[in-house]
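*Asks:* Next up is a structure, given as structure tokens.
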């Protein structure tokens, strides 16, 4: 299935499933399961949520290999960077970004998107891929 059609189907699946989730945790679980199963270049998909009692991200629902990084301080890693700045971070080649916290030797690229609620960051959504991203025109890479 071509990428455009695959993405359209994924969005349709997510739209249908979001109405059956009773909690935000269930919805996050649905999102990671659908993306992991349908987007074949993703080797890890998951959420980290802010711990309300400390400046720390805590692993939430995920699909992929177990990670040693179940808690990440906001000042560490690509996940910490996205959550602390409120900006999406795209890393085309994780081997070239010193912020990368290695979870899998197979991971080549990563995108981390902050999750907002009530006007503030409450967590982040993390996708790892076994394929390098292509640097887009006008972009110089991570950052």
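The values are calculated or read from the model by the stated rules, or taken from the named source; none is laboratory data. All values derive from a computational prediction rather than experimental measurement. Every residue, glycine among them, receives a Cβ derived from its backbone with ideal geometry; neighbour counts consider all protein chains shown.
*Asks:* In region 109-143, what residues are in contact with a strand residue (DSSP E or B) (Cβ under 9 Å, 6 or more places away or on another chain) and either outside any strand (DSSP E or B) or modelled with pLDDT under 85 (or both)?
*Replies:* 130, 131, 132, 133, 136, 139, 141, 142, 143
*Asks:* May I ask you to list the residues in region 75-108 that are farther than 12 Å from residue 50 by Cβ and under 11 Å from the mean Cα position of the chain (by Cα)? Don't jump to the end; show me each part of the working.
*Replies:* Our first condition is that a residue be farther than 12 Å from residue 50 by Cβ; within region 75-108, this holds for 75-78, 81, 85, 87-108.
Within region 75-108, 78, 88, 89, 90 meet the criteria.
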